[in-house]
Amino acid sequence: MALLWRDLHPRILRYLRVAVGDSDAEDLTSDVWLEVARGLGRFEGDKSAFRAWVFTIARRRVIDVGRRVQRRRTDPMSPQRIDRGLDDSPDELEARLALDAALRHVVRLPRDQAEVVALRVLAELSAEQVAEILGKRAGAVRVLQHRGLRRLANELAAEGVTEQTGGAIFGVDEPLTA
Amino acid sequence: MSHSPRDMRNDDRVLDGLPVDGGAESLASLMDALRVPGVDHELSDQAQSVAAFRAALGAADTVDRPRRARVKSRRSRFALTLALSGAALVATSGLAYAGALPGAAQDTANGVLADLGVTVPGPNQHAGTHPDTRGNSAAAPENATTAGTDTDATGDTSSGKGKGATISTLTRTTTATGRDKGATISSAASGGKSHAGNPPGKPSAHQSTGTSDQGGTGTADDASGGHDSHGSSTAQATSDGHSSAGSGNAGSHPAAH
């Protein structure tokens with residue numbers, strides 16, 4: 001159980017940070033787990049299908065939130081989180097900064113592109129599975145993911161992150177190899 | 001904006017974390033950063049969250065239990081019905097095989113099981129035309145050959161009504177009284193086979209010989225219309241002189257059988 005939680009919880013939380021922002025992400029993640037617990041007895045399928053099912057639940061929660069309030073996509077790396085990160089080890093801090101920078105890039109994408117990229121990468125779902133969750137055709141999902149990736153690449157280039165700068169893609173002010 | 005197949009394949013490789021062509025490494029690294037295992041602040045609530053998840057799981061299981069019980073109950077009822085049906089089939093087949101079913105049922109079983117390649121006896125001849133009368137081979141005479149023709153077993157339904165009227169008339173019109181009247185009526189009703197009216201301790205010719213077709217002079221005389229020359233002598237001989245057949249007793253008690 002703990003292993004399952006440790007594997008899935010960060011993925012769900014990150015997806016929700018992309019989809020609805022930091023302020024609601026943690027509460028919604030708890031809601032998703034409760035719903036998973038309620039429906040687990042009825043689930044049938046393999047690991048990939050389970051992940052798709054969990055993210056379908058998460059996606060429904062995103063829609064519910066979107067109906068109540070206008071989407072609030074805030075910067076994933078809030079000051080509070082930076083403070084909390086001060087106690088982390090250097091490796092942990094580096095991972096956190098890299099993660100938050102990557103999320104910030106994705107959050108800047110148009111919403112549909114951001115959701116496709118997040119579900120494809122964080123949930124490790126195929127284009128077909130993502131299409132089913134989003135209610136789109138697989139071809140449309142592939143177009144969205146292509147546009148999203150191209151936009152991300154352009155942003156990285158604009159920030160001066162080149163292949164020669166290695167880990168500098170994380171969005172920190174100074175390239176790590178400088 | 002056009003997307004070449006090569007672009008699409010590269011997109012999939014970037015998103016799936018597979019090695020990519022030159023020029024997309026920075027993008028691949030960005031995706032790798034998204035995939036890093038949970039960091040401390042994401043996992044800080046693990047104990048509480050897992051406990052809450054387990055509690056919710058238990059609650060969901062409790063809620064689902066009555067439904068599962070109903071499902072299980074339905075399965076049990078189905079299994080019980082199946083078992084009882086099987087038992088009934090086996091029992092019926094066994095009775096059919098033994099020829100112990102009522103006539104019509106035995107006939108049906110014979111036809112159905114014959115289709116399945118199982119040979120069971122047909123309805124007992126003694127069952128006659130009575131679909132609800134159990135055929136009893138033990139009661140059937142050895143020489144009975146035609147079902148439904150033995151009036152002793154089936155009763156003569158065509159003449160039954162007339163016979164009843166005759167007996168009724170006889171009851172009202174006979175001049176005999178007491179035991180003689182009873183013997184007269186009984187004899188008429190039984191077709192001459194009744195022993196009623198015989199004096200106590202005096203066996204009839206039928207009883208003494210055990211041969212119903214020959215015993216009793218009254219019977220013999222009645223049956224032959226008085227032409228039976230053997231009546232009295234046969235009864236007398238076979239009863240060692242104890243028979244009253246052929247005597248005046250026979251005359252007054254024609255239904256000696």
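Read-outs: derived from the displayed coordinates by stated rules, not from any lab. Here the structure is a predicted model, which is why all the values come from computation and not from measurement. Here the Cβ positions follow ideal geometry from the backbone for every residue, glycine too, while neighbour counts run over all protein chains shown.
What order, most packed first, do the peptides A:7-20, B:167-180, A:54-67, A:104-117 have when packing is the mean number of other Cβ atoms within 10 Å of each residue? All intermediate terms of the calculation are to be shown ahead of the outcome.
Numbers: A:7-20: 24.1, B:167-180: 11.2, A:54-67: 18.1, A:104-117: 20.4.
Most protected by this proxy first, the peptides run A:7-20, A:104-117, A:54-67, B:167-180.
With θ taken as phi - 60° and the coefficients 6.51, -1.76 and 1.60, list the Karplus ³J(HN,Hα) couplings across region A:18-23 in order, rounded to whole Hz; mark glycine and proline as x.
So the Karplus estimates, Gly and Pro as x, are 5, 7, 10, x, 5, 4 Hz.
According to a simple spin-label model (label point 7 Å from Cα along Cα-to-Cβ), what is the distance in nm between residue A:104 and residue A:128?
3.9
How long is the gain from residue A:26 to residue A:42 if the chain were fully straight, where each residue apart is worth 0.36 nm and the alpha carbon distance is subtracted? Present the calculation step by step, with values, prior to reporting the outcome.
Numbers: separation 16, 0.36 × 16 = 5.76 nm, distance 2.53 nm.
Working it through step by step, the gained length comes to 3.2 nm.
Report ³J(HN,Hα) in whole Hz for each residue of region A:95-112, in order, from the Karplus equation J = 6.51 cos²θ - 1.76 cosθ + 1.60 where θ = phi - 60°; Gly and Pro get x.
5, 5, 5, 5, 4, 5, 5, 5, 4, 5, 4, 5, 4, 6, 5, x, 4, 5
Would you mind computing, in nm to one decimal, how far apart the modelled labels at residue B:181 and residue A:157 are, each placed 7 Å from Cα along Cα→Cβ?
For residue B:181 paired with residue A:157, the spin-label model returns 13.4 nm.
Using 0.36 nm per residue of separation minus the Cα-Cα distance, give me the extension gain between residue B:44 and residue B:172 in nm, one decimal. Can you show the working numbers first?
On the way: separation 128, 0.36 × 128 = 46.08 nm, distance 11.28 nm.
Difference between extended and current length: 34.8 nm.
Would you mind giving the mean number of other chain beta-carbons within 10 Å of the Cβ of each residue in A:135-148, as a whole number? Walk me through the numbers on the way to the answer.
Values: counts 0, 0, 0, 0, 1, 0, 0, 5, 4, 0, 6, 9, 3, 2.
Taking all residues of A:135-148 together, the mean is 2.
Using the Karplus curve 6.51 cos²θ - 1.76 cosθ + 1.60 with θ = phi - 60°, work out ³J(HN,Hα) for each residue of region B:7-18 in order, rounded to whole Hz, and write x for Gly and Pro.
Residue by residue, region B:7-18 yields 4, 5, 5, 5, 4, 4, 5, 4, 6, 8, x, 8 Hz.
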